[in-house]
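The structure appears right after this line, and notes come after that.
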Amino acid sequence: MGLKILLIGIIIAIIIYEGNEFLNVTGLLSYPVANKAKNGCQYIKGFSGGGAEDITKISENFAVTGGDKRHELWEKKNGPENVPNGGIFLIDLEMDNVYQFKIRNFPQNRKFHPHGIYYNHESKILSVINHGYDGIPSRIEQFKLDVSNVKEPVANHIRSLVVETEHNGVINDNIQISDDEYIVTQYLSQPDPLKGRQNHTLLQKLKGSLKILFNLKSTFVLHCSFKSQYKLEKEVQMECQRIEGTYGTMMNGITWDRNKEVVVADTVDKKLYFYQLQQDKAKNQILQLKKIIPSSYLIDNIEFDKFYNQYIGGGIGRAIEHLQYSANSEAYPADKPYWASVDVVKKDENGEIGQLKNILVEERAILGCSSALLYKNKVYLGSWTDTQIAVCQL
C-alpha cells in the first residue's frame, strides 16, 4: 500500500513540476505522425540472436550487429544467470541474409552480452560493449573480423578493456579515436550491481527513474583509455573520466565522421549534440559543443554512414510503450503499437551539416526500435528487445 501511495505521489509531482509539455516531449502523451514505408516492413529470415541493439556497416554491402536477449538480461530476476551468451552477426544487405560469426579465443570464464558496437574500417577491429554481470565490470571487447567467407565469418577476440565499477552496466555506445582511446556514452546515472540490474534496491530504482522523469542532466560522455604497454594482455583496465560539457538526460548512441565531428543522441531529451573533437586538449575537455539539432522522436543509436555521407538514427516513437513493454513483455498485446522512427542528417560536399529529415515512422515494424541503417531503398531496423531484424522498403 505504501509503495502505491509513493508511486501516485511521484506521478502527481511530475505533472505539477513539468506539466503536459514534459509528457509530450518524452512521448508519454503525444502521438507520433506516421511516415510509413511505401512497400511495408517485414522481418528478414535467418536471424535468431535476440535484439539487434546496434547495427553498423563494415562495407557498402555488409553490416554487423550484436544479438542478445537484453530484455531478459535487464528486466527479469536472475537474468544474468539464465540468459545464454549473445552473438555477433553479419548481414548481407543486398540479399537480406544473416550469418553468425564464429567467435574465437574469447575467455571461457566470461559472459558475453553485447550492447553498443563500433567498427574501425582501417584496422577491421569491432569494439563491442559487453555487460557480462559475471563478477567484473562492463568492458569493451575487441574483435578482429574476418569475412573472407561471408557464410562462415570469424570474429577473433583480441582483448577485454575493463571499465571501473562506477560505470558497470550503464556504458552504452563507443567510438575508437586512437589505438588506445575511446569515447564512451553513459546513459544511466547509477551503475548496476556486478551481478545484474535487478539487484538494485527499490530506492535505487526510484532514484534512477526520477532523474529521467524530471529531465535531470545526470548522464554524460566519457573519455576512456588504457596504457599501450599492456596491449599484449588479454584483460586490460581502462581509465575513464567525464568530459566537461557533455551532460544530458540520457546520453545514448554515439558516432563520428572519422575526422573531427562527434555526434551524441540524448534519447529522452530528443536532441542530437554535435561536438568538435579536440585531441590536443585535456582528456576531460576533448569535446567542444558545435551545434544541437532536435530529433523527430527518441533516437537511441546513431551511426555515420560514410557510403552515403550522412548520419542515421533509429529509436522509438513514444516512451509510454517502452515502459509498458518493459513492465510486462509477455502481456504486451499483439495489435498494440510500438512506434519506430528513423532520422537522417546529411553532410554536403564541404562537410557542412544539413537539415534533419525523418524518413520513417512505423506503428509496429519492430518492438523496441533502437537502431537503423539505410541501403539503397531499404531501411533496416534493429531493436533492444525484439527477436528479429526488420527491413522496410521505402
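Identification of strands (runs of 3 or more DSSP E) wholly contained in the range 225-321 with 1 or more residues that are small (Gly, Ala, Ser) and touching a strand residue (DSSP E or B) at 6+ places or on another chain (Cβ under 6 Å) yields 251-256, 261-266, 310-316.
For first residues located in the range 110-121 and over 14 Å from residue 143 (Cβ atoms), partners that are among the polar types (S, T, N, Q) and assigned to a loop (DSSP other than H, G, I, E, B) and lie 6+ apart or on another chain with Cβ distances below 7 Å form the pairs 111/85.
Residues checked against (1) free of Cβ contacts under 8 Å to residues at least 40 places away in the same chain; (2) buried (at least 20 other Cβ atoms within 10 Å of the Cβ); (3) farther than 15 Å from residue 292 by Cα:
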site	(1), (2), (3)
208	yes, no, yes
217	yes, no, yes
254	no, yes, no
257	no, no, yes
263	no, yes, no
272	no, yes, no
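Taking first residues from the range 47-64 that are over 17 Å from residue 340 (Cβ atoms) and in the same structural domain as residue 99 (by the TED database) and partners that are outside any loop (DSSP other than H, G, I, E, B) and modelled with pLDDT under 95, the Cβ contacts under 8 Å between residues at least 6 apart in sequence or on separate chains come to 50/70. Condition check for residue 189 on (1) crowded, with 20+ Cβ neighbours inside 10 Å; (2) within 18 Å of the chain's Cα centre (by Cα): one failure, at (1). Evaluating residue 63 against the criteria (1) closer than 26 Å to residue 305 by Cα; (2) part of a loop (DSSP other than H, G, I, E, B); (3) modelled with pLDDT of 85 or more leaves one unmet condition, (2). If you scan the range 127-151, which residues turn out to be touching a Lys or Arg at 6+ places or on another chain (Cβ under 7 Å) and either more than 28 Å from residue 77 (Cβ to Cβ) or not assigned by the TED database to the domain that holds residue 55 (or both)? Within the range 127-151, 142, 144, 145 qualify.
Of the strands (runs of 3 or more DSSP E) lying entirely inside the range 94-194, those carrying at least 3 residues that are closer than 16 Å to residue 234 by Cα are 125-130, 139-146, 154-162.
The values are calculated or read from the model by the stated rules, or taken from the named source; none is laboratory data. What you are looking at is a predicted structure, and each value in this text was computed from that prediction instead of being measured. Methodologically, a virtual Cβ is constructed for each residue, glycine included, from the backbone with ideal geometry; neighbour enumeration extends over all protein chains shown.
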